[in-house]
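Below is one structure, written out as structure tokens; the observations come after it.
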Amino acid sequence: MWVQRVDVYRVKLELETPFVISQGASAGYEGVLVRVRDAQGREGWGEAASRPGLFGETAESVLGALDVLAPELLGQDVRAFRALIARLDRALVGNAAAKAALDVALHDLAGKLWGVPVRTLLGAPATGRDRFLTDFTLSLDTPERMAHEAQARVEQGFRALKLKLGGGRDPKADVERVRAVREAVGPTIELRLDANQGWTVPEALRVLQAVARFDVELVEQPIARGDLEGLKRVRGGQQPVPVLADESVCTPQEALRLVRLEAVDGFNLKLMKHGGFLGAQKVATIAEAAGLIAQVGGMLETDLGQAAALQLALALDVVRYGDLDMGMTLRPDQRLIARGGPRFDPETGELVAPTGPGLGVEKLNEALLGEPVAVYERG
Ligand SMILES: [Mg+2]
């Protein structure tokens, strides 16, 4: 139960099609994976997915951060994983994605040590739910192509869709996108929006007023991350769509500031920006105490990240929405999980959690990992 070794892998994976949001396009996935092993050979896995333009980290900065963080774990008792994660915060400020990789790997390992899923470690009742509705995220594109993609995903079984909007400073085109998708999928599919900071306050108000008639569930991050007063104006303006902070809420301190200002209706929680399960729980607790709603989402991540996010969504009562489609746009031969992990149920549009310990991932596709780029071992 002592941390014996940490292996770090640099991973590049291919997507079925490029993923486009208001801040730019991603042609593929580039991330860092960690494996934390104890002296008995048990192992826990975690992922650091970085998005430089949104959260400031790069694959290189993650490797540099892990060079500081990984040695902190060596020789430490896995059973004290929460104290170990706090120790990481003292060793290095910021660098949430790098910390998330180690935090998730430690939870996976601790779950295996005790023989329970991570959601049970986090406090979910053992008899609790094991499935969560997920949306599928539609990449920013023309209204016609987004409607076409929406239809195809509904045919695959998705009951909720998230539309990426806010590109090109063209509110009219955004309204058209929502209209085209709603007409394509009919009235029963949930629609959620994400502008990724792509609008100004007046643009946000214009779009949200206009799309309200298409029955929209929520909007993420309509305007620039730092403009909290502006978020409050969007939330309090003449429009009925609940506003969720995403890029604006990484730390618990940022969450508190948003609550004090009454700037948003809820938070989008992501392991990558809160530094893992522990940080996400802190932000979720603030949401719950303030009576806000919460969603669990993710970045452009692998199916390993999806397995982790599903455990988080199932563990927290405050989470109402799941944006848990991570890894689903990877080319099928580029998925990391070879055995175990979540399963999509096309009958209900839900993601079903495995019953196994930790993240429930039994085997990874090692061919996609290659050789470790760094190894930290207890001497
Ligand atoms: Mg978002």
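The values are calculated or read from the model by the stated rules, or taken from the named source; none is laboratory data. Because the structure is a prediction, the values reported are computed rather than measured. Cβ: placed from backbone, ideal geometry, glycine included. Neighbour counts: every protein chain shown.
The set of residues from segment 97-133 being touching a residue at least 24 places away in the same chain (Cβ under 8 Å), assigned to a loop (DSSP other than H, G, I, E, B) and out of contact with any helix residue (DSSP H, G or I) (no Cβ under 8 Å at 6 or more places or on another chain) comprises GLY115, VAL116.
Scanning segment 134-150 for residues that are in a helix (DSSP H, G or I), touching a Leu at 6+ places or on another chain (Cβ under 6 Å) and among the acidic types (Asp, Glu) turns up just one, GLU149. Pairs linking a residue in segment 61-77 that is farther than 15 Å from LEU33 by Cβ to a residue that is part of a helix (DSSP H, G or I) and modelled with pLDDT of 95 or more, with Cβ atoms under 7 Å and 6 or more positions apart or on different chains, are VAL68/ALA91; GLU72/ARG87; GLU72/LEU88; GLU72/ALA91; LEU73/LEU84; LEU73/LEU102; GLN76/LEU84.
Inclusion of GLN221 among residues that are touching a helix residue (DSSP H, G or I) at 6+ places or on another chain (Cβ under 9 Å) and under 20 Å from ALA96 (Cβ atoms) is warranted.
Condition check ((1) of a type in the set (Gly, Ala, Ser); (2) modelled with pLDDT of 95 or more; (3) under 30 Å from PRO18 (Cβ atoms); (4) outside the structural domain of PHE19 (by TED's automatic domain parsing)) across all residues:
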position	(1), (2), (3), (4)
ALA97	yes, yes, yes, no
ASP103	no, yes, yes, no
GLY111	yes, yes, no, no
SER139	yes, yes, yes, yes
ARG145	no, yes, yes, yes
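All of (1) in contact with a Leu (Cβ under 6 Å, 6 or more places away or on another chain); (2) hydrophobic (A, V, I, L, M, F, W, C); (3) surrounded by 20 or more Cβ atoms within 10 Å (Cβ to Cβ) hold for ALA48 with one exception: (1).
Examine segment 28-49 for a residue that is under 19 Å from LEU336 (Cα atoms) and at pLDDT below 90, and state whether such a residue exists. No, segment 28-49 contains no residue that is under 19 Å from LEU336 (Cα atoms) and at pLDDT below 90.
Before we move on, is PRO71 more than 21 Å from GLY370 (Cβ to Cβ), assigned by TED's automatic domain parsing to the domain that holds LEU92 and in a helix (DSSP H, G or I)? So PRO71 fits the description; yes. VAL93 falls short on exactly one of the conditions (1) touching a residue at least 40 places away in the same chain (Cβ under 8 Å); (2) of a type in the set (A, V, I, L, M); (3) not assigned by TED's automatic domain parsing to the domain that holds GLN306, and that condition is (1). With respect to PRO117, determine if the residue is under 30 Å from VAL3 (Cα atoms) and surrounded by fewer than 18 Cβ atoms within 10 Å (Cβ to Cβ). Criteria not met by PRO117. On inspection, ILE85 passes the criterion of being modelled with pLDDT of 95 or more and either buried (at least 18 other Cβ atoms within 10 Å of the Cβ) or under 19 Å from the mean Cα position of the chain (by Cα) (or both).
Selection of segment 298-312 for residues being in contact (Cβ under 8 Å) with a residue 60 or more places away in the chain and within 24 Å of GLU16 (Cβ to Cβ) yields GLY298, MET299, LEU300, GLU301, THR302, LEU304, GLY305, ALA308, LEU310.
Tell me, which strands (runs of 3 or more DSSP E) lie completely within segment 289-379 with 2 or more residues that are β-branched (Val, Ile, Thr) and buried (at least 16 other Cβ atoms within 10 Å of the Cβ)?
Here the list reads 293-296.
Any residue at all in segment 16-32 that's in contact with a Leu (Cβ under 6 Å, 6 or more places away or on another chain) and under 21 Å from GLU362 (Cβ atoms)? Scanning segment 16-32, I find no residue that is in contact with a Leu (Cβ under 6 Å, 6 or more places away or on another chain) and under 21 Å from GLU362 (Cβ atoms), so the answer is no. For segment 260-280, the set of residues classified as more than 14 Å from the ligand (Cβ to nearest atom) and out of contact with any helix residue (DSSP H, G or I) (no Cβ under 6 Å at 6 or more places or on another chain) consists of ARG260, GLU262, ASP265, GLY279, listed by residue number.
Results for (1) under 21 Å from the mean Cα position of the chain (by Cα); (2) surrounded by fewer than 22 Cβ atoms within 10 Å (Cβ to Cβ); (3) more than 16 Å from the ligand (Cβ to nearest atom), shown as yes or no for each residue.
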{"position": "ARG159", "(1), (2), (3)": "yes, yes, yes"}
{"position": "GLY168", "(1), (2), (3)": "no, yes, yes"}
{"position": "VAL181", "(1), (2), (3)": "no, no, yes"}
{"position": "VAL185", "(1), (2), (3)": "no, yes, yes"}
{"position": "GLU203", "(1), (2), (3)": "no, yes, yes"}
{"position": "ARG213", "(1), (2), (3)": "no, yes, yes"}
{"position": "CYS250", "(1), (2), (3)": "yes, no, no"}
{"position": "LEU256", "(1), (2), (3)": "yes, yes, yes"}
